[in-house]
Amino acid sequence: MKLNERGLLVVLSGPSGVGKGTVRKALFQMPEQNFTYSVSMTTRNKRPGEIDGVDYYFVTKEEFQKRIKENKFLEHAEFVGNYYGTPLDKVEERLQEGKEVILEIEVEGALQVRDKVKDAVLIFLVPPCKEALYNRLKSRGTESPEVIEERIKKANREFKLAYKYDYIVVNDEVVNAADRIMAIIRAEHAKTERSIHKYMKLIEGE
Ligand code: 5GP
């Protein structure tokens, strides 16, 4: 009998500038991983180098609002003047195929996933210190000083919600953060509540 394991829905969250994207990319480089990334939809302008359908699906506010009405998002949120959301299609399909689906999203959306998908694993990525976060936001050079200021204020509000997550991971070094996340994913798969039914089936099928 083959054990057909369902993938995990992993929510990688935390304040803007903490390095979620870099850690996610490092995760995809890990050996023996089976990740799939859920490309989000947004109404913000494309940054130089970003590719539609790879980094985000870039849409107008009207298009985004239409999709909200049609219930086409697993979660969605407004973040510093723009909408961001996880398209619902594909997520369940990929989980059934046994893939780990990674969502890289902000806090409000992560907490919507918490309510909707009870067995999702929520990881809050934190910087080693606040200065690291601020420096990163400023050095990215893609936002105006006003937007950077707003993102810093938002980050301070987001930190206060970290207690709602399952895990807190420090992004001191990208590879270390990715290693810690891999350890969490392995441990989550081994949790009794996730795996007991498979072994019961094995025994019953004897
Ligand atoms: P950025 O504009 O820097 O690409 O993203 C701004 C924030 O929105 C980041 O914290 C990013 O993780 C988050 N974000 C990206 N995609 C989604 C999404 O689909 N849903 C939610 N709720 N947040 C998202």
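Here, each number is a calculation from the coordinates, and none is a lab measurement. The model shown is predicted, which means the values in this text are computed figures rather than measured ones. Methodologically, a virtual Cβ is constructed for each residue, glycine included, from the backbone with ideal geometry; neighbour enumeration extends over all protein chains shown.
Please state the charge dipole magnitude for the chain, taken about the Cα centre, from unit charges on C-beta atoms (+1 on K and R, -1 on D and E), reported in debye and rounded to the nearest 20.
Dipole about the Cα centre, nearest 20: 240 debye.
Find which of VAL54, THR142, LEU12 sits farthest along the positive direction of the dipole of the chain, computed with +1 on the beta-carbon of Lys and Arg, -1 on that of Asp and Glu, about the Cα centre.
Working it through, the farthest residue towards the positive pole turns out to be THR142.
Roughly speaking, what is the stretch gain from LYS160 to TYR57, that is 0.36 nm per residue apart minus the C-alpha to C-alpha distance, in nm to one decimal?
Contour length minus the Cα-Cα distance gives 34.1 nm.
So what J values fall out for region 33-50 if you push phi through Karplus, 6.51 cos²θ - 1.76 cosθ + 1.60 with θ = phi - 60°, rounded to Hz, Gly and Pro as x?
Using θ = phi - 60°, the values come out as 8, 9, 8, 9, 9, 8, 6, 7, 10, 8, 9, 6, 5, 5, 7, x, x, 6 Hz.
Does region 25-96 come out rounded, prolate or oblate, given a ≥ b ≥ c as the square roots of the eigenvalues of its C-alpha gyration tensor, rounded meaning a/c under 1.5 and, failing that, prolate meaning a/b above b/c?
Taking the square roots of the gyration eigenvalues as a ≥ b ≥ c, region 25-96 is oblate.
Could you check the simple spin-label distance between MET182 and GLU50, using points 7 Å along Cα→Cβ, in nm with one decimal?
2.9
Among ALA155, MET30, TYR83, which residue has its Cα furthest toward the positive end of the charge dipole of the chain, with +1 on Lys/Arg Cβ and -1 on Asp/Glu Cβ?
Among ALA155, MET30, TYR83, the one farthest towards the positive end of the dipole of the chain is ALA155.
Rounded if a/c is under 1.5, else prolate if a/b beats b/c, else oblate: with a ≥ b ≥ c from the C-alpha gyration tensor eigenvalues square-rooted, which is region 129-173?
Taking the square roots of the gyration eigenvalues as a ≥ b ≥ c, region 129-173 is oblate.
If I build a Gaussian network model for the chain, linking alpha-carbon pairs within less than 10 angstrom, which residue out of VAL169, VAL23, VAL80 has the largest mean-square fluctuation?
Sorting by GNM fluctuation, first place goes to VAL80.
Which distance in nm do the two modelled labels at VAL170 and CYS129 give, with both placed 7 Å along the Cα-to-Cβ direction?
If labels sit at VAL170 and CYS129, their model points lie 1.2 nm apart.
How much length, in nm to one decimal, is gained on full extension between GLU70 and SER195, taken as 0.36 nm per residue of separation minus their Cα-Cα distance?
Extra length from GLU70 to SER195 when fully extended: 41.5 nm.
Add -39500 (n - 2.57) for each DSSP H run of 4 or more in the chain, then divide by its residues: what number comes out at 222 nm, to the nearest 500 deg cm²/dmol?
Here the helix-only value at 222 nm equals -13000 deg cm²/dmol.
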